[in-house]
1. Starting from residues that are polar (S, T, N, Q) and more than 14 Å from the chain's Cα centre (by Cα), keep the ones in the stretch 1-50 and report whichever is nearest to residue 98 (Cα to Cα).
2. Looking at the stretch 20-37 only, could you name the residues that are touching a residue at least 40 places away in the same chain (Cβ under 8 Å) and of a type in the set (Val, Ile, Thr)?
3. Inside the stretch 29-50, can you point out the residues that are touching an Asp or Glu at 6+ places or on another chain (Cβ under 6 Å) and within 14 Å of residue 10 (Cα to Cα)?
4. Of all residues being open to solvent by 70 Å² or more (accessible area, probe 1.4 Å) and in a strand (DSSP E or B) in the stretch 68-83, which is modelled with the lowest pLDDT? Just the residue, please.
5. So residue 86 ticks every box in (1) in a strand (DSSP E or B); (2) touching an Asp or Glu at 6+ places or on another chain (Cβ under 7 Å) but one. Which box is left unticked?
6. Determine the pairs where a residue that is under 15 Å from residue 38 (Cβ atoms) and open to solvent by less than 40 Å² (accessible area, probe 1.4 Å), located within the stretch 87-110, has a partner that is of a type in the set (A, V, I, L, M, F, W, C) and in a helix (DSSP H, G or I) with Cβ atoms under 7 Å apart, the partner being 6 or more residues away or on another chain.
7. Specify which of the listed residues (42, 59) is among the aliphatic types (A, V, I, L, M), at pLDDT below 90 and either on the phi > 0 side of the Ramachandran plot or crowded, with 16+ Cβ neighbours inside 10 Å (or both).
Amino acid sequence: MKIGFLIDPLENLNLKTDTTLGFLDYGRVLGFETYVFTEEDLFFDGEFRVRVSEVRVDLEQNPSIQVLQEAELSVLEFDACFIRKDPPFDQQYAELMQMLVPVEAQGSVAFINSPSGILKANEK
């Protein structure tokens, strides 16, 4: 299973408190392929594509994030996609969600934190 995580830059995540890292670590435990990307990595090239980093997060002994490989994928290749980007909910955030609404509408990617839902009633 391929799971994408739209996040803030890796270097901005707190290894001790960021819950996204817990999701990534649990994905590893379950044997999922987990990929992270930022809003700058999403682009349209006839379809929505994204530059991703496959990561392994280990929170057990010495908390760490290891980038395994980088690739370019269609957003439609994800089985699920978590939107874990922190607010502020500004024009740039709204435009990012608007880019993802057509992908969500196709129904092949399960979005956790729906882009259309965030546009209607953002989480903050």
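The values are calculated or read from the model by the stated rules, or taken from the named source; none is laboratory data. These figures come from a predicted structure and were not determined experimentally. Cβ coordinates were reconstructed from backbone atoms using ideal geometry, including for glycine residues, and neighbour counts include every protein chain displayed. To get the accessible areas, we keep the full protein, side chains included, count just its heavy atoms, and leave off ligands, DNA and RNA. Shrake-Rupley method; radii C 1.70, N 1.55, O 1.52, S 1.80 Å.
1. Step one: of the stretch 1-50, the residues polar (S, T, N, Q) are 12, 14, 17, 19-20, 34, 38.
When the remaining residues are screened for being more than 14 Å from the chain's Cα centre (by Cα), the result is 12, 14, 17.
Details: 12: 24, 14: 28, 17: 29 Å.
Across the stretch 1-50, the extreme among qualifying residues is 12.
2. 20, the sole residue that qualifies.
3. 35 - this is the single residue of the stretch 29-50 that is touching an Asp or Glu at 6+ places or on another chain (Cβ under 6 Å) and within 14 Å of residue 10 (Cα to Cα).
4. 68
5. Status for residue 86: all satisfied but (1).
6. Pairs that qualify, where the first residue is under 15 Å from residue 38 (Cβ atoms) and open to solvent by less than 40 Å² (accessible area, probe 1.4 Å) and the partner is of a type in the set (A, V, I, L, M, F, W, C) and in a helix (DSSP H, G or I), are 97/118; 97/119.
7. Details: 42 fails: at pLDDT below 90.
Being among the aliphatic types (A, V, I, L, M), at pLDDT below 90 and either on the phi > 0 side of the Ramachandran plot or crowded, with 16+ Cβ neighbours inside 10 Å (or both) holds for just one of 42, 59, which is 59.
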